[in-house]
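S.K.: Input: one structure, supplied below.
The values are calculated or read from the model by the stated rules, or taken from the named source; none is laboratory data. Quick caveat: nothing in here was measured; it's all calculated off a predicted structure. Every residue, glycine among them, receives a Cβ derived from its backbone with ideal geometry; neighbour counts consider all protein chains shown.
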Amino acid sequence: MRSAAVFLRPLRHLNRRLTLLRHAHAERPAGRCVGQWEHPLSTHGQRQIAALASHWAGPLPSRIVSSDIGRARQTAEILADLLNAPAPDIDVRLREISMGHWEGQSWDTLYATHQAAVDHWGQHWVHEGPPGGESAVQVAERMHEVVDQSPPGTLLVGHRGALGILLCELAGQPLAGAFNYSFANAAPVSLN
């Protein structure tokens, strides 16, 4: 059995200034397995973006890069418009972790019909994805590529799980701790 302590190659550019942003609040369906499954921004989420833009501190982002998933893409597009910043670039590597065949299904149904598989994934999600999905290691590798290609001043708009995995990697922490990082919706986190 593999250890949950997984460390990828160290980053050479921690002196780069990047900002991470979790998408604004979305209409998340209760009790559903949601990774890359689409669900729209809520009215509250739209207000969060307006508040973020009106209270933006510091220099504007020189570049905005967003996940292509609607809730992140909408957040980036609205924010860029309100800040008079460049239109966001879309990068699929900023997507949330893929839950594969489980996307959109009720957790109750998954537990009732695939309990052993759900339990196995819960113990091994760092190295093994759900059926048709991806592992934390796979997410870390794609997120790392985006960071490597991002110049200083870039704002990366993504999702809680994927951003948490990225922060674990940047901090040299085991990827299993990804959900220990709290990412409030529409609250930027600067990396220096």
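S.K.: When both residues are 6+ apart or on different chains and their Cβ atoms are under 8 Å apart, which pairs have a first residue that lies in segment 159-180 and is within 22 Å of A24 (Cα to Cα) and free of Cβ contacts under 8 Å to residues at least 60 places away in the same chain, and a second that is β-branched (V, I, T) and surrounded by 18 or more Cβ atoms within 10 Å (Cβ to Cβ)?
M.R.: Cβ pairs passing all conditions: A178/I165.
S.K.: Return yes when Q46 is in a helix (DSSP H, G or I) and more than 27 Å from E145 (Cα to Cα) and no when it is not.
M.R.: Taking the combined requirement at face value, the residue satisfies it.
S.K.: How many residues does segment 96-123 contain that are closer than 30 Å to I49 by Cβ, touching an Asp or Glu at 6+ places or on another chain (Cβ under 7 Å) and not β-branched (V, I, T)?
M.R.: Of the residues in that region, 1 qualify.
S.K.: Same structure, new question: For segment 120-170, give me the residue count where each residue is among the hydroxyl-bearing types (S, T, Y) and within 14 Å of M99 (Cβ to Cβ).
M.R.: Counting residues in segment 120-170 that are among the hydroxyl-bearing types (S, T, Y) and within 14 Å of M99 (Cβ to Cβ) gives 1.
S.K.: Please go through segment 93-104 and pick out each residue that is within 9 Å of P130 (Cβ to Cβ), of a type in the set (A, V, I, L, M, F, W, C) and in a helix (DSSP H, G or I).
M.R.: Matches in segment 93-104: W102 only.
S.K.: Okay, moving on. Can you name the residue in segment 105-156 that is under 30 Å from P59 (Cα atoms), among the small types (G, A, S) and in a loop (DSSP other than H, G, I, E, B) and, of all such residues, is farthest from the chain's Cα centre (by Cα)?
M.R.: G153
S.K.: Could you count how many residues in segment 21-47 are within 16 Å of H159 (Cβ to Cβ) and either touching a Cys at 6+ places or on another chain (Cβ under 7 Å) or surrounded by 15 or more Cβ atoms within 10 Å (Cβ to Cβ) (or both)? Quick ask: steps written out before the conclusion?
M.R.: First, the residues of segment 21-47 that are within 16 Å of H159 (Cβ to Cβ): 21-29, 32-42, 45.
From what is left, the residues that are either touching a Cys at 6+ places or on another chain (Cβ under 7 Å) or surrounded by 15 or more Cβ atoms within 10 Å (Cβ to Cβ) (or both) are 21-26, 32-37, 39, 41-42, 45.
So the answer is 16.
S.K.: V126 passes all but one of (1) in contact with an Asp or Glu (Cβ under 9 Å, 6 or more places away or on another chain); (2) buried (at least 19 other Cβ atoms within 10 Å of the Cβ); (3) modelled with pLDDT of 95 or more; which number fails?
M.R.: Among (1) in contact with an Asp or Glu (Cβ under 9 Å, 6 or more places away or on another chain); (2) buried (at least 19 other Cβ atoms within 10 Å of the Cβ); (3) modelled with pLDDT of 95 or more, V126 violates only (1).
S.K.: Give the residue that is surrounded by the fewest Cβ atoms within 10 Å (Cβ to Cβ), with candidates limited to residues of segment 48-107 that are within 20 Å of R17 (Cα to Cα) and charged (D, E, K, R).
M.R.: D89
S.K.: Return only the number of the condition from (1) among the acidic types (D, E); (2) over 26 Å from A24 (Cβ atoms); (3) surrounded by 16 or more Cβ atoms within 10 Å (Cβ to Cβ) that E134 does not satisfy.
M.R.: With respect to (1) among the acidic types (D, E); (2) over 26 Å from A24 (Cβ atoms); (3) surrounded by 16 or more Cβ atoms within 10 Å (Cβ to Cβ), E134 is out only on (2).
S.K.: Right, another one. Could you list all residues from segment 144-158 that are closer than 22 Å to H25 by Cβ and of a type in the set (A, V, I, L, M, F, W, C)? So that I can check it myself, show each step before the final result.
M.R.: First, pick out the residues of segment 144-158 that are closer than 22 Å to H25 by Cβ: 155-158.
Matches in segment 144-158: L155, L156, V157.
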